[in-house]
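Novice: There's a structure below that I have some questions on.
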Ligand SMILES: [Mn+2]
């Protein structure tokens with residue numbers, strides 16, 4: 001089997017350390033959760049110790065992902081008394097800050113990312129923006145390392161792929177994506193069960209939040225946008241993760257080419273933006289303009305309030321971009 005030089009240097013690095021920290025971005029999504037856990041299993045099989053750390057717990061919809069309790073949630077790695085010589089593997093982060101973790105400074109950093117906005121901040125950097133999920137890259141590492149794809153690993157990686165491709169519907173989905181999904185299904189991933197766990201296990205607060213968000217929806221030509229305020233969220237007993245995916249309803253409208261959802265952040269007069277495009281407009285570039293990042297068709301950034309100012313700033317970029 002021909003091994004990508006980037007994977008070869010990763011495997012070389014793995015061989016030279018007994019123990020690794022593995023993490024991903026704050027407010028993890030299905031790709032982050034599935035990928036860190038699969039990566040940990042790869043290192044287990046290679047005879048290494050792996051400590052999985054994240055700044056935030058997995059969203060509720062990923063609570064059935066195998067080995068989820070392996071993720072230690074902390075804001076500061078130093079609290080775990082992990083020696084500073086332990087290297088850290090960062091999955092889909094553009095720097096230490098994205099992890100939301102303190103205590104990574106000064107460590108050897110291994111950077112594996114599939115975002116167009118990825119940056120070469122690590123000692124080893126493998127950035128492949130053609131990968132539909134970082135889970136696809138972890139899968140390729142597993143193949144190159146010739147480890148066994150266990151049912152739990154297959155389930156984690158299938159979760160990563162399914163969530164980052166919008167259930168195999170986004171433009172990044174290729175024959176290769178399905179080939180990987182097929183192999184994961186052959187190794188114990190149950191697509192029906194995984195879909196049920198992810199898509200049919202929403203907390204009620206999330207659906208009520210969706211109702212509030214959609215009642216604020218506006219459209220203008222090929223643009224759609226909506227928002228929720230902290231008082232909406234308090235009233236509905238909803239949290240930040242209940243807002244995940246709202247923007248996908250906006251971009252699902254026929255004739256809409258780009259969409260943005262603004263969520264008010266508690267007590268800072270700022271808004272967190274989720275931006276989507278059907279592919280004509282590069283919303284990664286627009287998010288980067290405001291200090292955020294992401295992919296061509298899915299990105300995010302944070303803007304100062306008030307709401308009308310934040311909305312006008314993003315809409316003016318989306319209007320000129322089309
Ligand atoms: Mn991802």
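Novice: Within region 290-306, restricting attention to residues that are touching a strand residue (DSSP E or B) at 6+ places or on another chain (Cβ under 8 Å) and exposed (fewer than 15 other Cβ atoms within 10 Å of the Cβ), which residue is modelled with the lowest pLDDT?
Specialist: Top of the filtered list is 291.
Novice: Given the conditions (1) within 16 Å of residue 54 (Cβ to Cβ); (2) modelled with pLDDT of 95 or more, report the number of the one that residue 82 does not fulfil.
Specialist: So residue 82 meets the others, but not (2).
Novice: Given the condition closer than 19 Å to residue 92 by Cα and in a loop (DSSP other than H, G, I, E, B), answer yes or no: does some residue in region 259-270 qualify?
Specialist: no
The values are calculated or read from the model by the stated rules, or taken from the named source; none is laboratory data. This structure is a prediction, so every number in the text was calculated from the model and none was measured. In this analysis, Cβ positions are derived from the backbone assuming ideal geometry, glycine residues included, and neighbour counts consider all displayed protein chains.
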